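**Student:** Structure incoming, see below.
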Amino acid sequence: MSIPVITTLDCKGLSCPLPIVKTAIAVKKLQPGELLEVWATDPGSVADFTAWSKSTGNPLIDHTAEGGVFHFVIRKE
Amino acid sequence: MTDTQQLETALAEGQAKQKTNKLVIFTWGGDLDKVWPTLILATSAAAMGMEIIVFFTFWGLFPLVRNDVRLTGDNWMQKLLSAMHRGGTQHLKLSQLNFAGAGPAMMRKLAADHKVASPQELLELAQEMGVRLIPCQMTMDLLGLKREDLIDGLEEPAGAATALAEAQDAITLFI
């Protein structure tokens, strides 16, 4: 099994809609199957990333929260 | 029709409705507190993979004026209008609590502190993401705004019919 490529995007400190907008731009540049990890601090981003993933069909394969920092992992479809 | 069939039809209609992947925003207001959410919605919708068209009309055209353009118009009425109501994303006023520009200045300070993107940044992001921006030709003529007064990267000015035709299969907002 090959290890998927992971790109990191730091959206810490940014407010709506920038985390989701920057994520969408970053995902666009990926090849299908590649992963994007996003760091964010906007509390609204949890709901936004879930909705975005559902709407665009790029699965949110992991999300965790620690000390006010959210970590999302998205796989490009 | 049986109950099951009716249910299936209703379900299919619901699913078809859900699939509307196009948003048309009629931007009529030119206030900071209208233009800002408009651009937030447009960039978010672009991020969601939607097709977006923003049709700028009446006061909504002024945010598209280049920030370095001061006076616009051919006659004294149009010139006076632009003198009283300067265009450009950096010169937007609040619809309330404007206090001769102190309100917007405070709002921009708060936004910068909270790292909320400015209308100018959002407008550039929208363009980068392929949001289609259409100025209303009739309003441009009426208010004395020429194509060269407006920012680059807009579509050709068009009329209400163009916007309405685009709106036929889209979610529409009038802001």
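**Student:** Normalised by the number of residues in segment A:1-67, what is the relative contact order in percent for Cα pairs under 8 Å and 6+ residues apart?
**Tutor:** Computed over segment A:1-67, the figure is 37 percent.
**Student:** Can you tell me which aspartates and glutamates have their Cα less than 20 Å from the Cα of B:Lys146? Leave out same-chain residues fewer than eight positions away.
**Tutor:** Partners within reach: B:Asp68, B:Asp74, B:Glu155, B:Glu156.
**Student:** Something else: In angstroms, what radius of gyration and Dmax does chain A have, counting Cα atoms only?
**Tutor:** When restricted to Cα atoms, chain A yields Rg and Dmax of 11.5, 37 Å.
**Student:** Ok, one more. In the structure displayed, which of A:Lys76/B:Lys115; A:Lys29/B:Lys115; A:Lys22/B:Lys79; B:Lys79/B:Lys115; B:Lys19/B:Lys109; B:Lys34/B:Lys79 lie more than 29 Å apart, Cα to Cα?
**Tutor:** Exceeds cut-off: A:Lys22/B:Lys79; B:Lys79/B:Lys115; B:Lys19/B:Lys109.
**Student:** For B:Ile52, enumerate residues with amide H under 5 Å from its amide H, sequence gap 5+ or separate chain, H modeled in the peptide plane.
**Tutor:** For B:Ile52, whose amide H was placed from the backbone, the distant partners under 5 Å are B:Leu23, B:Arg132.
**Student:** Order of B:Ile175, A:Ile6 from fewest to most other C-beta atoms within 10 Å?
**Tutor:** Fewest to most other Cβ atoms nearby, the residues stand as A:Ile6, B:Ile175.
**Student:** I would also like to ask the following. On C-alpha positions alone, give me the angle between the axis of helix B:3-18 and the longest principal axis of chain B, in degrees, nearest 10.
**Tutor:** Approximately 20 degrees, to the nearest 10.
**Student:** For peptide A:13-25, compute the average count of partner chain beta-carbon atoms within 10 Å of each residue's beta-carbon.
**Tutor:** The mean count of partner-chain Cβ atoms within 10 Å per residue comes to 6.
**Student:** Turning to a different aspect of this structure: Just round it to a whole percent: the fraction of Cα-Cα distances in the protein assembly as shown exceeding 31 Å.
**Tutor:** Numbers: 11305 of 31626 pairs.
Beyond 31 Å sits 36 percent of the P(r) for the protein assembly as shown.
**Student:** Where does each of B:99-111, B:82-94, A:50-62 land if you order them by average Cβ count within 10 Å, highest first?
**Tutor:** Ranking the peptides B:99-111, B:82-94, A:50-62 by packing returns B:82-94, A:50-62, B:99-111.
**Student:** If one takes the longest principal axis of the Cα atoms in chain A, at what angle in degrees, from 0 to 90 and to the nearest 10, does the Cα axis of helix A:18-28 lie?
**Tutor:** That works out to roughly 10 degrees.
**Student:** Please give me the summed charge of the neighbours of A:Arg75: other residues whose Cβ is under 10 Å from its Cβ, Lys and Arg +1, Asp and Glu -1.
**Tutor:** Within the 10 Å Cβ shell, the charges total -2.
**Student:** While we're on this one: To the nearest 10 degrees, how steeply does helix B:102-113 sit against the main Cα axis of chain B, on a 0 to 90 scale?
**Tutor:** Tilt relative to chain B: about 60 degrees.
**Student:** Taking amide H positions as placed in the peptide plane 1.01 Å from N, state which residues far from B:Arg66 in sequence (5 or more) or on other chains have amide H under 5 Å from it.
**Tutor:** Excluding prolines and chain starts, which carry no amide H, the hits are B:Leu150, B:Ile151.
**Student:** Let me ask something else about it. Take A:Val46, B:Val24 and order them by how many other Cβ atoms sit within 10 Å, fewest up front.
**Tutor:** A:Val46, B:Val24
**Student:** Here's another thing I want to ask about it. Using alpha carbons only, how many angstrom separate the centre of segment B:34-59 from the centre of segment B:72-145?
**Tutor:** After rounding, the separation between the Cα centres reads 14 Å.
**Student:** Per DSSP H run of n ≥ 4, the term is -39500 (n - 2.57); total these for the protein assembly as shown, divide by its residue number, and report the mean residue ellipticity at 222 nm rounded to 500 deg cm²/dmol.
**Tutor:** Estimated from H runs of four or more residues: -12000 deg cm²/dmol.
**Student:** Can you work out ³J(HN,Hα) from phi for every residue in segment B:143-151, in order, using Karplus 6.51 cos²θ - 1.76 cosθ + 1.60 and θ = phi - 60°, giving whole Hz and x for Gly and Pro?
**Tutor:** 8, x, 9, 9, 4, 6, 6, 9, 5
**Student:** Past the 28 angstrom mark, what percentage of all C-alpha to C-alpha distances in chain B do you count?
**Tutor:** 30 percent
FYI, it's all coordinate maths here, none of it is from the lab. None of the values given here were measured: they were computed from a predicted structure. Virtual Cβ from ideal backbone geometry, glycine too; neighbours counted across all protein chains shown.
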